[in-house]
1. Show which lysines lie in cross-link reach of B:Lys51 when reach means a straight Cα distance below 24 angstrom and same-chain residues fewer than eight apart are skipped.
2. What is the fewest-to-most order of B:His214, B:His203, B:His269 by other Cβ atoms lying within 10 Å of their Cβ?
3. Looking at chain B, I'd like the Rg to Rh ratio, where Rg is from alpha-carbon atoms and Rh is Kirkwood's inverse mean 1/r.
4. Check the straight Cα-Cα distances from A:Lys99 and name the lysines below 24 Å, setting aside those fewer than 8 residues away within the same chain.
5. As a test of the formula, what do you get for the protein assembly as shown when each DSSP H run with n ≥ 4 contributes -39,500 (n - 2.57) and the sum is divided by the residue count, at 222 nm and rounded to the nearest 500 deg cm²/dmol?
6. Regarding region A:34-252, what are the three Cα extents along the principal axes, ordered largest first, in Å?
7. Checking the cross-link filter: which aspartates and glutamates have an alpha carbon closer than 20 Å to that of A:Lys57, excluding same-chain neighbours under 8 positions apart?
8. 5 Å is the cut-off here: which amide hydrogens, built 1.01 Å from N in the peptide plane, fall below it relative to A:Gly129, excluding neighbours closer than 5 in sequence?
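Bear in mind these aren't lab numbers, they're just calculated from the coordinates by the rules spelled out. If you're wondering where the values come from, they're calculated on a predicted model, not measured in any experiment. Here the Cβ positions follow ideal geometry from the backbone for every residue, glycine too, while neighbour counts run over all protein chains shown.
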Amino acid sequence: MRSPFVRVITGCAVGLALVAGACSKEEPPPTQSAVVANPVDPATAGTITGVVKLDGKAPAAQSITMDSDPYCEKQPKNATESVVVGSDSTLQNVFVYVKDGLGNRVFPVPASAVVLDQKGCRYVPHVLGIQVGQTLEILSSDDTLHNVHAIPQQNREFNMAHQLAGIKHTHVFSTKEVMIPFKCDVHKWMNAFVGVLDHPFYAVTTGNGRFELKGLPPGTYTVEAWHEKLGTQTQTVTIGDKQTSDISFTFKS
Amino acid sequence: MAFRLYTRLVALSTAVLIFAGGLVTSTGSGLSVPDWPNTYGHFMFTFPLDKMVGGIRFEHSHRLIASTVGFLILVLAVWLWRAEPRAWVRRLGYIALAAVIAQGILGGITVLWYLPEPISIAHASLAQIVFCLTTAIALVTSRGWTHRTTALPSDDDVLRKLTIVTTGWIYVQVLIGATMRHTDAGLAIPDFPLAFGHLIPPHWDPKIAIHFAHRVGALVTSLLIVATAGHVFYHHRGRGELVRPVVLLLALLTAQVTLGAYTVLTEKHYIINSLHVVTGASVLVTSLVLALRAHRSRFASVDGFGGSAVEGTAIRRNQPHAAVVGGPSVPNRPGARA
């Protein structure tokens, strides 16, 4: 008869084996949308341009304390990127996209990858857009350890180790989702947001707060502007053949 | 003597492990090491120290301390298996070993599955059980337990029931605290002692409900501990083995309520928050010690005392033919090593 001690060890070994089996399950790769010709006629395509501004006092930029990692501490000091306001109260890092109005059109998936870099212990860029089925290339230019932890609601969560400078991982999202937060649990200040759409009509505002959605078929669209701290705003915009509509969003601080 | 010191070291190391676990959650570092059981591809014990940066410091340290505690408990279980004459105490060792292994597996699962709340709460709750087991082993193998120089006290049913209810309730309170912690409800009510300026929160959502339940639980815990203390001071003032844990319990309760308040007021400062976790665990095991001592006479029969108080009773280790001195003999256990 085996001793209780042996039974405990055996029981735990069986438990470990079961856990290992459960953990080894891989999710099936996301199904790629069928690549079709661009359903937009360039001869009639229009454009939505605009600017995003902040109404009210901009919060003071706070410098990031990066002393929990000697490598990061040596990097150029940066301020938090949650609310970045340019001259003339323009708002940076706003994700502007067509939320509705494209109907059943299916758009081709770009062959080029979208790059998210970890550089200077920050994510570069801080906000970005990508299409369903398009490759997201996650790089590390830093000579320190990072983990890349995506926390989606609709897509599969992942957490990957980046232990070397120059390391590269790729990921493909299977479902549209605005927005997916990314964070590094090693460096608490590092975060980014990725907007995943099933069409190419999105943009992220730069320092001048401007955006441009090119190549839209004539029609009426719901355009949404998303900001990580200030929320969302939507507008309905109608564009005709080869027309350019200029709109603006104003977030209150 | 060495064994008794060792059991205390194991219990103390479990408390250190709970504090280290508290630091992991308080700093949000639970997923800073994405792989398990390896650390960034390295075998856990060969992970370079200079790579322990940011959140990795907390998570990897927690893993190292957990592995050490697991090894200490393994040695404890083997030691009990070979030398402890009482079967139920040996079983405690096996259970502690199984619990700490299960705890390690839960810790791994919660990392690989991105901190699902039920697993993380189970991990936190089982940690308290492991601490209770190592403390109980330290107590029942202590000289005060095994070498009685005075008669066992007469039964006090009220104290027994009170200590069981108090200890049980403290564990429930710890579970609510773990739920609050892992559902990110620690600041759902941002003020203290009031809730949004009121005695009762004026609005509710699940997080506010969990947070408020923890506060109400703290009030009930305080009342139970004060009632237990009052009973001991009134009826058992001369029994040092009961008065000492009661005094410690009152001191820990005061510290715990203060730390709870400061956790809210400092917006979950990670040191304060982690101290709150380990102090809560200490309140639980102190209450457990009191409960076990209140039930001391009930253990007489399983300890081999014959169910009654005896003068100068001692359980002797490594004595297969006369496990109990001054009391009835315990049948020799075939597997026991001299």
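1. By straight Cα distance, B:Lys51 reaches A:Lys74, A:Lys77, A:Lys119, A:Lys168, A:Lys183, A:Lys188.
2. B:His203, B:His269, B:His214
3. Taking Rg over the Kirkwood Rh, I get 1.01.
4. Answer for A:Lys99, where 24 Å is the Cα cut-off: A:Lys53, A:Lys176, A:Lys214, A:Lys229, A:Lys242, A:Lys252, listed by chain and number.
5. Helices in the protein assembly as shown give a 222 nm mean residue ellipticity of -14000 deg cm²/dmol.
6. Result, largest extent first: 56, 44, 26 Å.
7. Leaving aside aspartates and glutamates fewer than 8 places away in the same chain, those within reach of A:Lys57 are A:Glu81, A:Asp88, A:Glu228.
8. Here A:Gly195 satisfy the definition.
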